[in-house]
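One structure is given below, encoded as C-alpha cells.
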C-alpha cells in the first residue's frame, strides 16, 4: 500500500519542479523581449504598463473563449488585485530604476537571492517543513548565484541597493501572502487579478513619470506582447501551479534558475559572453536544484 503513495508524491514533486523550471525560463525571456522593445521605442515605464495591460487582456480573452472563467469571491478578487497592485508595481518600477543607476550584474545578483526570504518565510510564517536537503539546496543555489554574477564593486549606489532589497522583499511578500490567500483559487484566475492590479499601478507610474505614449514601431507591439504573454502570463500561472504542488520554498529554490536562464539567453540570443567562473556558478545552481529532487528527504513534505 505504501508504493502508490510514494509514486504519487514523486509524480507531484516532478510536476511541481518542472512547472517551476518553466516559470523561471518564462520570466528569464524578459531580457530578450525588453531589449528588443527598447529598440522599437518603448520607455521603461511604458514597457512595464504594456506588460500587464496586454497580459490582462490576453487572459480575459483566453478564459472567455476556453470557457474556463471561474469567478473568485469578491474578497478573493480584491486581495489578488491589491497584491498585484502593490507588489508587481513596486517590483517592476524598483527593478527598472535600480537597473538605470547601477550595473546589471548587481541587479541580477539580487534577483538570484530571491529564494532566501521565501524559504525562511515559509518556515517561520507558513510553518512549512524545512529539512537538511532543502537547506543544502538553498545554500548551493545562493552560492551559485553569487559566483555567477559577482564582479568588483564598481558603480554600486546605496539607492540601487535599497531599491533591490525592496524588490526582494516584495517578491517574498507576493509569494508568501499569496500562498496564504490562495484558498483553492485557480492559477489562471489568480494571474488575471494580479495582472489587473499591476496594470493599474504601472499605468499610474507611466503617467506620473510622463513615460506613457503609443509612439512605437509596429514590431514594438510584438515584443510587448511576448513580454506580456510569455514573461508574465505563462510565468505567473506556472509559478502558482508549482507552488500548489511543492510549496513556496521548493518552488523558490527551483525558480532560482531564472537568472541562470537569463544569462544563457543573453549568450544565445543577444551574443553576450560567459566566463568560466559564471559557468561554475551555473553548475552550482543546477546542482542545488538536483539535490532537492534526490532521496527520500525530497519527498518528505510533498503531499
- Single match in 233, 302 (criterion: at pLDDT 90 or above and closer than 26 Å to residue 187 by Cα): 233
- Would you check if there is a residue in the range 156-177 being more than 17 Å from the chain's Cα centre (by Cα), within 30 Å of residue 276 (Cβ to Cβ) and not in a helix (DSSP H, G or I)? yes
- Restricting attention to the range 23-68, and to residues there that are part of a loop (DSSP other than H, G, I, E, B) and touching a residue at least 40 places away in the same chain (Cβ under 8 Å), which single residue is nearest to residue 181 (Cα to Cα)? 68
- Just give me the residues in the range 73-102 being buried (at least 19 other Cβ atoms within 10 Å of the Cβ) and not in a helix (DSSP H, G or I), in sequence order. 102
- Message: It is to be established whether one or more residues within the range 119-130 are surrounded by 19 or more Cβ atoms within 10 Å (Cβ to Cβ) and closer than 21 Å to residue 29 by Cα.
- Response: no
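The values are calculated or read from the model by the stated rules, or taken from the named source; none is laboratory data. The structure displayed is predicted, hence computed values, not measured ones. Here the Cβ is made from the backbone with ideal geometry for all residues, glycine too, and neighbour counts use every protein chain on show.
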